Amino acid sequence: MNAWTALPLGLVATISDIPNAFPMFLAVERLIDTGIGPETAVPVLIGYTAIYALPTLAVLIIGLLYQDRLRARLQTLYNRYATGHTKPSGKIAALYFTAAAASLAILIFLVR
């Protein structure tokens, strides 16, 4: 991995994460529509972000406290759900493509 391979990988990862940002876009839009000033809106958005990040933070804290036990549990889950071979599913691919197209359409609609 170097800068030239990390750049496109980071770009793709950021683009693929855009659907996760929709709730924040909606929260900002609602705050703007209500006329709440920045002195109130900023703490509200910080609180929203903290709640959004809480599951990841919880796993991090549990990982720091129970390193080997958590690693073993996560490895068990990984082995159960992420190993083996499955046949490609045209229906699932179509569903994901449709959801991605809908996400892009919503993003374009919100930006206008």
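The values are calculated or read from the model by the stated rules, or taken from the named source; none is laboratory data. Computed from a prediction, not measured in an experiment: that's the story for all the values here. Note that we place each Cβ from the backbone using ideal geometry, even for glycine, and neighbour counts take in every protein chain shown. Surface accessibility is based on the protein's heavy atoms, side chains included, excluding ligands, DNA and RNA. Shrake-Rupley method; radii C 1.70, N 1.55, O 1.52, S 1.80 Å.
A few comments on the model shown:
- If only the Cβ of Lys and Arg carry +1 and only the Cβ of Asp and Glu carry -1, the dipole of the chain around its Cα centre is close to 600 debye.
- Cα centroid separation, region 15-55 to region 70-95 (Å): 31
- Helix content alone sets the calculated 222 nm mean residue ellipticity of the chain: runs of n ≥ 4 DSSP H residues at -39500 (n - 2.57) each, divided across all residues, give -29500 deg cm²/dmol.
- Ranked from largest to smallest solvent-accessible area, with a 1.4 Å probe on the protein heavy atoms, Asp68, Asp17 come out as Asp68, Asp17.
- Residue-count net charge about Leu74 - beta-carbon cut-off 15 Å; Lys, Arg +1, Asp, Glu -1: +3
- Taking all protein chains together, Thr86, Thr40 sort by accessible area into Thr86, Thr40, largest first [probe 1.4 Å].
- Accessible-area ranking of Ser103, Ser89, largest first, probe 1.4 Å: Ser89, Ser103
- Normalised per residue, the accessible area of region 21-112 is 87 Å², obtained with a 1.4 Å probe and no contribution from ligands, DNA or RNA.
- DSSP-assigned coil residues among chymotrypsin sites (Phe, Trp or Tyr not before Pro) in region 1-89, each with at most 13 further Cβ atoms within 10 Å: Tyr66
- Cα-based shape type of region 60-110, given that a ≥ b ≥ c are square roots of the gyration tensor eigenvalues and the cut on a/c is 1.5: oblate
- Calculated from backbone phi, Karplus (6.51, -1.76, 1.60) coupling profile of region 74-85 in Hz, x at Gly/Pro: 5, 5, 4, 5, 4, 4, 6, 9, 10, 10, x, 10
- Residue with peak Gaussian network fluctuation, the chain [Cα springs, cutoff 10 Å], from Ala41, Ala82, Ala27: Ala82
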